Amino acid sequence: MSYSSVFVKLLTLQCLVILCVSQSFDFFYFVQQWPGSICDTKRSCCYPKAGKPAANFSIHGLWPNYNNRSWPSFCNRESLFDHSKLSDLSRMQTTWPSLICPSGNNSKFWKHEWDKHGTCSEFVLDQHQYFEETLNIKDRVDLLQILQNEGIQPDGRNYSIGSIEEALRRGIGFAPGIKCNKDASGNGQLHEIYLCVEKTGSKLIECPVLPRRNCAQHVEFPAF
Ligand SMILES: *[C@@H]1O[C@H](CO)[C@@H](O)[C@H](O)[C@H]1NC(C)=O
Ligand SMILES: *[C@@H]1O[C@H](CO)[C@@H](O)[C@H](O)[C@H]1NC(C)=O
Ligand SMILES: *[C@@H]1O[C@H](CO)[C@@H](O)[C@H](O)[C@H]1NC(C)=O
Ligand SMILES: *[C@@H]1O[C@H](CO)[C@@H](O)[C@H](O)[C@H]1NC(C)=O
């Protein structure tokens with residue numbers, strides 16, 4: 001090996017190290033959404049081609065975050081989303097459906113999640129690993145079952161936010177983050193549940209910081 005090629009190797013290594021440091025993050029938020037709380041809004045929703053998704057929490061995304069509450073986004077515009085790499089993950093169609101109008105195009109939703117969030121953890125999880133790990137985490141916590149075990153049902157009634165949080169904490173073993181939105185008539189409702197995952201994407205952890213809650217004392221849990 002010539003000196004110049006050693007020099008180039010060293011340079012490349014240094015650049016990689018700098019890249020890794022600058023692209024680092026502290027943990028992931030794993031975010032699930034209640035479809036009923038998207039479809040009953042003023043904006044409404046559109047079902048994917050496969051039809052109405054199950055009445056179950058579905059995945060919104062796996063988002064790299066910093067301990068100081070901010071987060072990186074769109075970390076690598078060159079890293080293109082490739083749907084064909086996910087052909088063995090067909091269960092994404094049911095657990096990670098797009099409810100966005102007008103298209104109901106799942107692929108477009110996943111591409112957005114990859115471009116905005118996935119590219120920021122690419123040095124830990126490549127595209128296939130990123131989506132697969134997200135599905136694996138989802139399989140490990142059945143939010144709906146946990147809530148139903150404590151009598152909290154998607155029946156359009158109001159529940160105290162404290163009882164929802166406590167049920168989830170007991171069932172999961174970690175405190176959840178909860179986000180609310182408003183239905184078409186302006187009532188506050190349970191919208192998203194945030195859990196935290198350590199950097200390699202494999203294990204749930206206690207959240208270093210919880211997202212700021214924007215819920216009233218009592219919120220609706222709408223049917224879907
Ligand atoms: C939060 O921490 C990250 C990583 O250390 C840093 O790049 C970012 O500037 C910080 N943001 C704020 C608002 O402090
Ligand atoms: C769905 O979205 C993907 C990614 O943006 C795009 O390539 C594809 O053409 C879209 N399909 C339809 C039917 O619009
Ligand atoms: C809801 O999703 C969980 C995975 O998070 C799954 O185990 C459960 O069977 C689903 N329940 C229903 C009613 O579809
Ligand atoms: C839930 O609470 C809101 C605000 O207090 C109220 O307007 C709404 O009618 C309640 N919904 C039900 C089903 O009791």
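Just a few scattered comments:
- All positions within region 55-81 that are over 21 Å from Glu133 (Cα atoms) and either among the acidic types (Asp, Glu) or surrounded by 12 or more Cβ atoms within 10 Å (Cβ to Cβ) (or both): Ala55, Glu78
- Residue that is nearest to ligand 4 (Cβ to nearest atom), among those in region 113-159 that are within 17 Å of the chain's Cα centre (by Cα) and basic (Lys, Arg): Lys138
- Whether a residue is among the hydroxyl-bearing types (Ser, Thr, Tyr), farther than 20 Å from Lys138 by Cβ and open to solvent by 30 Å² or more (accessible area, probe 1.4 Å) was assessed, and Ser84 passes this test.
- Exactly one residue among Arg157, Arg140, Arg169 is charged (D, E, K, R) and within 24 Å of Met92 (Cβ to Cβ), and that residue is Arg140.
- Residue pairs whose Cβ atoms lie under 6 Å apart, sitting 6 or more positions apart in sequence or on different chains, and linking a residue in region 87-99 that is touching a residue at least 24 places away in the same chain (Cβ under 8 Å) to a partner that is loosely packed, with under 14 Cβ neighbours inside 10 Å, are Gln93/Ala50.
- Pair list, Cβ under 8 Å, 6 or more apart: region 131-144 residue among the aromatic types (Phe, Trp, Tyr), other residue surrounded by fewer than 17 Cβ atoms within 10 Å (Cβ to Cβ): Phe131/Leu89
- Matching residues, region 47-80, being among the aromatic types (Phe, Trp, Tyr) and away from ligand 1 (no atom under 16 Å from the Cβ): Tyr47, Phe57
- Any chance Arg169 is within 16 Å of ligand 1 (Cβ to nearest atom) and surrounded by fewer than 17 Cβ atoms within 10 Å (Cβ to Cβ): no
The values are calculated or read from the model by the stated rules, or taken from the named source; none is laboratory data. What you see is a predicted model; the values in this text were computed from it and never measured. Please note: Cβ atoms are built from the backbone with ideal geometry, for glycine as well, and neighbour counts cover all protein chains shown. Calculation scope for accessible area: heavy atoms of the full protein, side chains included, ligands and nucleic acids excluded. Shrake-Rupley method; radii C 1.70, N 1.55, O 1.52, S 1.80 Å.
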